[in-house]
Amino acid sequence: MGPNAMPPQPGEEPWVGNHWIAQVGLAFQQTDYPGGARDFSAISPFRLSYPFAGRVALIVEGTPLEAWVVSWQTQDAWRPRRWNGLTKGDIRIGAKFLLYGGRGWIPGVALRALTRTTTGKDVEDRRFMNAPGYLFDLVFGERWSLSPEVGLEAWLSAGFLAWQQAGFGQNDAFNWSATTLLHLPRASVRLEARGYQGWEQYDKPLVLMAGLELPISSNFQFLLTTQRTLRDPEVFDVRVGLRFRGSTEVDKKDASP
């Protein structure tokens, strides 16, 4: 399948907070396959998160569209209907539940649950599977203050990922991620490794990611990310995005005199 059919889920912090978050972006991808095939794609990822009482966050995220071009080697191997196209991608809906906020050396813990809709299309072109899937995992996080202006966060996640594979039944996988986020006076640097381990061949991706978050204002950030999927398949990915956060009604009420 294409590089966005079943990517490993990125890590995130366990804490919920009292701000809603909207994030949009563009990603440009180069995918390399054995035998010298090289394909190109571009996607428009987004993410929306809305908290309730600092304990639960509703999540909607995904890839509405994918533009793609495949090489003649991929055409010979896969026999797609077209050599290029614009395809509907997958949307994920779910929630994050803060179980424990953390104290001392005990980390914060959250339960994350996501289900993938069947919006992904063009299974004949092997872009998306048009099949349901779901993820349940535990998210752990710790925060440290290194100086008055420098902070460090570390997140870990581990859980169960499954998706339907047409006539081949359900594929079950162990999903994981490990993330560090360094907050500097004028930027934040994010490093991450993530992946999952399915039971079939070519379903064990490993992704390494490095990202830079630059504040434009107190509630507005510019995001620049590069990531490399080392296997299943090999993808080089560059992303730019914008993240905006706004106060919920809870914040407005608390801020009133």
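Quick notes
- Taking 7 Å steps out from each Cα toward its Cβ at residue 219 and residue 143 produces label points 1.9 nm apart.
- Take every Cα pair under 8 Å whose residues are at least 6 apart in sequence, average their separation, divide by the length of the chain, and the relative contact order is 19 percent.
- Cross-link partners of residue 204 among aspartates and glutamates, defined as those whose alpha carbon lies under 13 angstrom from its own and excluding same-chain residues fewer than eight positions apart: 172, 232, 234.
- Relative contact order for the stretch 68-120, counting Cα pairs under 8 Å that sit 6 or more residues apart, in percent: 34
- Placing unit charges on the Cβ atoms of the charged side chains and taking the dipole of the stretch 1-152 about its Cα centre, the candidate lying farthest along the positive direction among 75, 89, 106 is 89.
- Each helix, a run of at least 4 DSSP H residues, gives -39500 (n - 2.57); summed and divided by the residues of the chain, these come to -1500 deg cm²/dmol at 222 nm.
- Accessible solvent surface per residue of the stretch 116-223, calculated while the other protein chains remain in place, 1.4 angstrom probe, Å²: 51
- Computed in the context of the full set of protein chains, the accessible area of the chain at 1.4 Å probe radius has 65% of its extent on carbon or sulfur.
- Solvent exposure of the stretch 11-85 as accessible area per residue, Å², 1.4 Å probe: 51
- Relative contact order, whole percent, for the stretch 92-159 stands at 26, derived from Cα pairs under 8 Å and 6 or more residues apart.
- Taking the Cα atoms of the stretch 26-158, the ratio Rg/Rh between the radius of gyration and the Kirkwood radius comes to 1.12.
- Charge dipole (debye, nearest 20) of the stretch 1-85; +1 at Cβ of Lys and Arg, -1 at Cβ of Asp and Glu: 220
- In the chain, a dipole from Cβ-located charges (positive for Lys and Arg, negative for Asp and Glu) runs towards its positive end, and of 208, 248, 132 it is 248 whose Cα lies farthest in that direction.
- Charge-dipole axis of the chain as Lys and Arg at +1 and Asp and Glu at -1 on Cβ define it, positive-most pick from 229, 54, 119: 54
- Backbone N within the stretch 13-36 under 17 Å of label point (7 Å from residue 52 Cα along the Cβ vector): 16-21
- Neighbour cut-off at most 16 other Cβ (10 Å), DSSP loop, trypsin sites (Lys or Arg not before Pro), the stretch 48-91: 55, 81, 82
The values are calculated or read from the model by the stated rules, or taken from the named source; none is laboratory data. Values in this document were obtained by computation on a predicted structure and should not be read as measured data. Virtual Cβ from ideal backbone geometry, glycine too; neighbours counted across all protein chains shown. Only protein heavy atoms, including side chains, enter the accessible area calculation; ligands, DNA and RNA are left aside. Shrake-Rupley method; radii C 1.70, N 1.55, O 1.52, S 1.80 Å.
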